[in-house]
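Report on the structure given below.
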Amino acid sequence: MRVLVNGEEVGTKERGCALCGATWGDYHEEVEGNELFFCCDMCAKEFRNMVQEVKRRKGWERVEELEIRGNYYTGRTCVARSRGRETKFYVRFGDDGEVETFRDVE
Amino acid sequence: MAICPVCEYRSPYWDQISSHIRSKSNSSDVQHVMWLNRNLTIKELTEEELTGSLEEFFSLKDGLAQWIRRRFVEKFYGERPHPFILAMQSPTRGVLLGYVLEHQHFLRNWVRVLAAIIYKTDRDDVVRSEMENMEVEFFGFMGRPAHYELLIRMGESLGMRREEILSTPPLPATASSIRTWRKIAETREWAEVMAAMHSLELVADRTLRKYGAKMHYFKESILDSQDFPREVKDFLREGYEADQKHAGEALETVEKYAKDKELVQVTVLRSFDAFSKYLMARLERGMQFEPGLVKVVEAVTG
């Protein structure tokens, strides 16, 4: 799975957390068959929940690429891609890492 | 005395705080990592770099009130202003209705938290200023309608019935922020509560441009424009005139009476986080009326 945060490819300790791009912390988790680096387990939980939500809403089997822009404060505008398909959405997470707001973006 | 802004571990030396925070970060402690990401930098620093960064971040060389102003400007009016503030530069009906529906809950909680300051303080001047603030914001003052009433009237002028406004529950983000402020009111010393709440009134403080703000809360030309109902202008004008005075005087009071300035700093930062989340709730509520408002977020994050 290829993940970009604010224009930079992420997902390793050197490049940054797969959700927020931070290089603090040292937490790894497998998502969609890929070992990804996260700064904390909250970011990992949010990332997993976001991927699940995209798959559920779109009926996709997997997400192959994610472009994420934004941060905790602004919420995130994202583009997800899979098998030549693409969907754009806005997402913000709640206090427990759940998807609190999810809106399709035209 | 140096302080960990998350768990409030104290030390005479910032290098010990730096070591503590790095140790927590190395074990991916959520709260410590999040604080670093949200307040200092998302790029990992060495212990020495972090020491310098913390020391500079918490430096009170210009006093506590100025520190609060500087941090507020950075967070809400800096290079990337908060999306809601950006939306307020040319507010649409959706933005203003989002404001009305969420802010009614903020104001109802506001007076309750100010009541906690009154309950906790031993200073009569503080009691008087908080009671005056409560009158202006919630009950009405010198025959003028309260800010709360002006807010509801703004919603009515935009086509929403009063009963509909009052019966709309807060979005989860607003409810979460209110929980944070109530916890501050219940658990912190009164000067901290005062700083946490009245620093938020800086949002409409016209003098923030002097401290680096890139824009005002809204374009002042709105107040003379024919494009908005009178009730919208009445609400915006009232807040604009009151908040500058409220914030300025309260921050001076905090500076004068705060016993532990580092604890005030830590509490203020928690309040800023809650405020940012709450302002996003206003915008997200607006998106329910105008889905295109998501473009405002893209303008900030793009």
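Some values worked out for this structure:
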quantity	calculated
Sequence of A:78, A:20 from largest to smallest accessible area, 1.4 Å probe	A:20, A:78
Theoretical FRET efficiency, 1/(1+(r/R0)^6), r = Cβ-Cβ of residue B:66 and residue B:128, R0 22 Å, to 0.05	0.35
Residues of region A:22-51 with amide N under 17 Å of a point placed 7 Å along Cα→Cβ from residue A:83	A:32-33
Radius of gyration and Dmax over the Cα atoms of region A:1-60, both given in Å	11.1, 34
The protein assembly as shown - share of DSSP beta bridges that are antiparallel (%, nearest 5)	90 percent
Protection proxy ranking, peptides B:220-232, B:47-59, B:258-270, average beta carbon neighbours within 10 Å, highest first	B:258-270, B:47-59, B:220-232
Reach of residue B:259 by Cα under 15 Å, taken over aspartates and glutamates that are not fewer than 8 positions away in the same chain	B:122, B:189, B:192
Residue mean of other protein chain beta carbons inside 10 Å, B:30-41	5
Value of relative contact order over region A:28-106, rounded to a whole percent, pairs C-alpha under 8 Å and six or more apart	22 percent
Gained length - residue B:26 relative to residue B:112, 0.36 nm times residue gap less alpha-carbon distance	27.0 nm
Reachable lysines from residue B:24, criterion Cα separation under 17 angstrom, eight or more residues apart if same chain	A:13, B:43
Additional length obtainable on full extension of the chain from residue B:92 to residue B:295, 0.36 nm per residue less Cα span	71.8 nm
Residue-averaged beta-carbon neighbours from other chains (10 angstrom radius) around A:24-33	4
Inter-chain Cβ neighbour average for residues B:293-300, partner chain, 10 Å	5
Length-normalised contact order of chain B in % [C-alpha pairs under 8 Å, at least 6 apart]	27 percent
Nitroxide proxy distance, nm - points 7 Å out along Cα→Cβ at residue B:211 and residue B:149	3.2 nm
Rounded FRET efficiency, nearest 0.05, which uses the C-beta distance separating residue B:10 from residue B:48 and R0 of 30 Å	0.90
Computed label-point distance, nm, for sites residue B:142 and residue B:167 using a 7 Å Cα→Cβ extension	3.8 nm
Percentage relative contact order, region B:93-243, counting C-alpha pairs under 8 Å, at least six apart	27 percent
Sulfur and carbon atoms: percent of accessible area, region A:2-104 [1.4 Å]	37 percent
Trypsin sites (Lys or Arg not before Pro), loop per DSSP, at most 14 other Cβ atoms within 10 Å - longest free stretch of chain A	A:1-61
Eligible aspartates and glutamates near residue A:58 by straight Cα distance, threshold 17 Å, same-chain separation 8 or greater	A:32, A:67, A:86, A:104, A:106
Entries of B:120/B:261; A:55/B:75; A:88/B:219 with Cα pairs more than 23 Å apart	A:55/B:75; A:88/B:219
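The values are calculated or read from the model by the stated rules, or taken from the named source; none is laboratory data. Since we're looking at a predicted model, the values are computed, not measured. So basically every Cβ, Gly included, is an ideal-geometry build from the backbone, and we count neighbours across all protein chains shown. Just the protein is used for accessible areas: all its heavy atoms, side chains included, with ligands, DNA and RNA removed. Shrake-Rupley method; radii C 1.70, N 1.55, O 1.52, S 1.80 Å.
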